[in-house]
Amino acid sequence: MIDLGKTLFMTAAIKLIDATLHRTETRTRMPFRFGVAVMTAAPHVFLQCRYEIDGTVVTGIASEGLLPKWFDKSPDKPAAQEIDEMLLVIRRAVGFAREVSAASAFEFWQQVYQAQVKWAAEQGLPSLLAQFGVSMVERTLLDALARAEQCNLATLLRENRVGLNLAAIHPELAGRTPDEFLPAQPLSKIIARHTVGLSDPLTAADLTTENGIHDGLPQTLEDCIRFYGLYHFKLKVQGDVDQDLERLRSVARVITRQCGTSYAFTLDGNEQYREFPRFVELWDRIQADASLHAFFERLIFIEQPLYRDVALDPAIANIADWKNGPPVIIDESDAELGALAQALKLGYAGTSHKNCKGIMKAAAHRCLINHRNATENTNRYQMSGEDLVNIGPVALLQDLAAQAALGNTSVERNGHHYYHGLSAFPKSISQSMLQHHGDLYTPMDDGYARVNITGGELDLTSINAAPFGVGVEIPMDAFQELSL
């Protein structure tokens, strides 16, 4: 384990006063098949924490959909048990946070992180799952701190009002500060990289009376491209070389027919390959396939093809020895603080950012990536923006605020596709989003709001104007309150 050491910057005296956790149920408009899972429903939780920061009491919020088979991909574990464990790690992180009194947000996070790591190891819980609980607390803290400081998340991170000690996570950044690496201003727009799930219909020919939806939103890939103006895509593979090739050919035909040559895409392995040679076989056959050769010239990177238990094993995943291979990044393997540095040693090109993996850690990762690119005079190293079926009114907005602050220009988005806008929540929330975030949301015929992807991009003006993405208070009275 990395010794987190002491923070270099002190910002404020911080203490958690109290917290509440609320839950509601959501259902997708169509199944989302990814890796070993098919998602049709999931709980959505909201965590609100009230902090005392330098004598001022301020509340921060975070939310997330509890998506089974991502934090823990144990094939035999029931979804209900995984959801219970996601709630457990949130509760435990809040419990540890109640015991903390810190001089900076980073020091507060350090103490919660260290306590959660020790507890999770004793419980035998996956690190990725355990740190999800820490990230929920961290997000409420960053929201509260941004409100107390009257600035946005990008300013908190770049001006280091959080007290981030880069060397505590990446020792080679000793003496360096976030303003040397993070964007001078958060991105004002982000490219929506549209997820093509393994069971998504591609054309009208794939629709039947059983799977067709008539809710005013596009369902097939070809209709989504026309409706949203999409030009970046995320394609998934399932670990069967022959089936993956057949699916990729079909997807490629639709994208090239609709987009011409104005597109780019990433390939998500979703930990479907346990043996590196098997994945190399897929790549070699892609390269030998005349119908895919030109299409794959627009590949940005491949994401986490190997299962997390072997992805950072030098005896199995020495990516650097893969001659003429594409850029490969980690995602699920980015569970411990030293994972990115370990991955880069093995030849990986970078990592992903999801808010559920932690924001201050991601800021340090982005600084390391930008440092390596500058030092080596290359653009090889990269951080991608990825999704966990994020939807508003909080999770999506905070995710976009973080991606903008980190400078991640192309971000996977799929909540707009698998959910019918914000219809999972009271209509008053849609009305509030339309009033305060009218650039990000637009109304549907039923009065609910949907994400407004125009020309394949999202306008982040109102998100960057808010403390941490969310510019309005979200009422909890319609949701079930859980014990903490």
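Where a number appears in this text, it was derived from the coordinates with a stated rule and is not lab data. Keep in mind the model is a prediction, meaning the values are calculated, not measured. FYI the Cβ positions are ideal-geometry reconstructions off the backbone, even for glycines, and counts take in every protein chain you see.
Suppose R0 equals 56 Å. What FRET efficiency, 1/(1 + (r/R0)^6) with r the Cβ-Cβ distance, do Lys345 and Gln431 give to the nearest 0.05? Before the final figure, lay out each step's value.
Values: r = 51 Å, r/R0 = 0.90.
My answer for the efficiency is 0.65.
For the chain, list the DSSP H helices whose alpha carbon atoms reach 20 Å or more along the long axis and whose average Kyte-Doolittle value is 0.0 or above? Could the numbers behind the result be given before it?
Numbers: long enough: 79-98 (29 Å, 0.45); 105-123 (27 Å, -0.54); 127-149 (32 Å, 0.59); 241-259 (26 Å, -0.42); 359-376 (25 Å, -0.34).
Answer set is 79-98, 127-149.
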Whole-number percent relative contact order across segment 35-117, with pairs defined as alpha carbons under 8 Å at least 6 apart: 20
Relative contact order for the chain, counting Cα pairs under 8 Å that sit 6 or more residues apart, in percent: 20
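Based only on other Cβ atoms within 10 Å, what is the fewest-to-most ordering of Thr375, Thr59? Write down the numbers at each step before the final one.
Working: Thr375 10, Thr59 17.
Going from least to most buried by this count: Thr375, Thr59.
Shape verdict for segment 430-479, please, from the Cα gyration tensor: rounded (a/c under 1.5), prolate (a/b greater than b/c) or oblate.
Taking the square roots of the gyration eigenvalues as a ≥ b ≥ c, segment 430-479 is oblate.
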Using a Förster distance of 22 angstrom, determine the FRET efficiency expected from the C-beta separation of Asp313 and Glu281, and round it to 0.05. 0.70
What is the list of residues in segment 71-97 whose amide nitrogen lies under 19 Å from a point 7 angstrom out from the Cα of Glu481, following Cα to Cβ? 91-92, 94-95
In cubic angstrom, how much convex hull volume per residue do the alpha carbon atoms of segment 153-277 span? 204
Using a cut-off of 23 Å between alpha-carbon atoms, which lysines can reach Lys323, once sequence neighbours fewer than 8 places away in the same chain are excluded? Lys345
Nitroxide proxy distance, nm - points 7 Å out along Cα→Cβ at Asp76 and Thr454: 5.3
Reach of Lys354 by Cα under 21 Å, taken over lysines that are not fewer than 8 positions away in the same chain: Lys69, Lys73, Lys189, Lys234, Lys236
May I ask you to list the residues of segment 73-112 whose amide nitrogen lies under 17 Å from a point 7 Å from Cα along the Cα→beta-carbon direction of Arg50? 95, 98-99
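Highest mean first, what order results for 116-127, 159-170 on Cβ atoms within 10 Å? Please report the intermediate quantities before stating the final value.
Details: 116-127: 15.7, 159-170: 21.9.
The packing order, highest mean first, is 159-170, 116-127.
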Exposure proxy ranking, count of Cβ atoms within 10 Å, fewest first, for Arg226, Arg158, Arg413: Arg226, Arg158, Arg413
Between Ala205 and Asp321, what's the calculated FRET efficiency when r is the beta-carbon distance and R0 is 60 Å? Round to 0.05. 0.90
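Shape call for the chain from the C-alpha gyration tensor, a ≥ b ≥ c root eigenvalues: rounded (a/c under 1.5), prolate (a/b greater than b/c) or oblate?
Working: a/c = 1.55, a/b = 1.20, b/c = 1.30.
Judged from the Cα gyration tensor, the chain comes out oblate (a/c at least 1.5, b/c at or above a/b).
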Would you mind pulling out the separation of the Cα centroids of segment 434-484 and segment 115-181, in Å? 24
Taking neighbour counts of Cβ atoms within 10 Å as a proxy for exposure, in what order, fewest first, do Asp331, Asp399 appear? Asp331, Asp399
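Nothing charged except the Cβ atoms of Lys and Arg (+1) and of Asp and Glu (-1): what's the magnitude of the dipole of the chain about its Cα centre? Round to the nearest 20 debye.
Numbers: 44 positive and 59 negative charges, 101 e Å.
That gives a dipole near 480 debye.
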